[in-house]
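**Student:** Here it is, the structure, as structure tokens.
We did not get these values from a lab; they are worked out from the coordinates using the rules stated. If you're wondering where the values come from, they're calculated on a predicted model, not measured in any experiment. Here the Cβ positions follow ideal geometry from the backbone for every residue, glycine too, while neighbour counts run over all protein chains shown.
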Amino acid sequence: MSGRARRSADDRRAQLVQIGLELLPTTPVQELTIDEVARRAGISRSLLFHYFPTKRDYYAAVTRAAAELLWAHLLPRPGAAGEGAGGNAVDGMLDRYVGWVETFRETHLAFVRGAAGGDPWVAEVYAETRDRLVEVGLRTLGLPDDTRRRQLVLAFFAFTEDLVAQWVLEPTMPRDELLALLRDVLDRLLPR
């Protein structure tokens, strides 16, 4: 018997997804190679397909995990100072979103482009992520959840997504000005 303990199926899946997440800051999800992931995991390519039946299943699992990390990054830590409902909470959320895109620029661009490019598995995760963003936005702003406000919050996030993605590639203003601009647009779009 080998000196190494065998991993459970769930542990192995988690390991493979983690490897994908580690590669995302420099490699868009659609460009992850199964051979590289398997090599890093110390397994064969065919064994990876035992845990994820298709390459798309693997990519979808990594994309969902990245979306969950975005959530963990966006939401304030419980009991964080200055993160109650209203202004400071909104500023904190915007700051964390810009920080996420700065850190995971390639992942963010691949996610947005993959959804726009018609990849159904990316589009599904993207739609779920945007729906959750709208819910968090409404809750953070302390606004009622109705169709009109949902549309406006969704439009704000579309604007923010595009502007921040462009700004990360070519910063045309200091970061604090970008955050102030985002807050100003939000306040004008959704006055409270």
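**Student:** So what is the 222 nm mean residue ellipticity for the chain from helices alone, if each DSSP H run of at least 4 adds -39500 (n - 2.57) and you divide by all residues, rounding to the nearest 500 deg cm²/dmol?
**Tutor:** Values: 9 runs with 139 residues, N = 192.
That comes out to -24000 deg cm²/dmol.
**Student:** Please compute the modelled spin-label separation between Gln166 and Arg96, points set 7 Å along Cα→Cβ, answer in nm with one decimal.
**Tutor:** Computed distance between label sites Arg96 and Gln166 equals 2.7 nm.
**Student:** Give the relative contact order (percent, whole number) for the chain; include only Cα pairs under 8 Å separated by 6+ residues.
**Tutor:** Once normalised by length, the contact order is 21 percent.
**Student:** As I understand it, the value is the acute angle between the Cα axis of helix 120-141 and the longest principal axis of the Cα atoms of the chain; what does it come to in degrees, rounded to 10?
**Tutor:** Approximately 40 degrees, to the nearest 10.
**Student:** Return one number: the angle in degrees, 0 to 90 and rounded to the nearest 10, between the long axis of the Cα atoms of helix 87-103 and the longest principal axis of the Cα atoms of the chain.
**Tutor:** Its long axis makes an angle of about 40 degrees.
**Student:** Tell me, what is a quarter of the convex hull surface for the C-alpha atoms of the chain, in nm² with one decimal? Before the final figure, lay out each step's value.
**Tutor:** Details: hull surface 53.1 nm².
The orientation-averaged projected area of the Cα hull of the chain comes to 13.3 nm².
**Student:** Moving to a separate point now. How do the peptides 47-55, 95-103 rank, highest first, by the average count of neighbouring beta carbon atoms within 10 Å per residue?
**Tutor:** Working: 47-55: 14.7, 95-103: 16.6.
So the peptides 47-55, 95-103, ranked by packing, come out 95-103, 47-55.
**Student:** Treat each spin label as a single point 7 Å out from the Cα along the C-beta direction, and report the Asp57 to Glu31 distance in nm.
**Tutor:** 2.7
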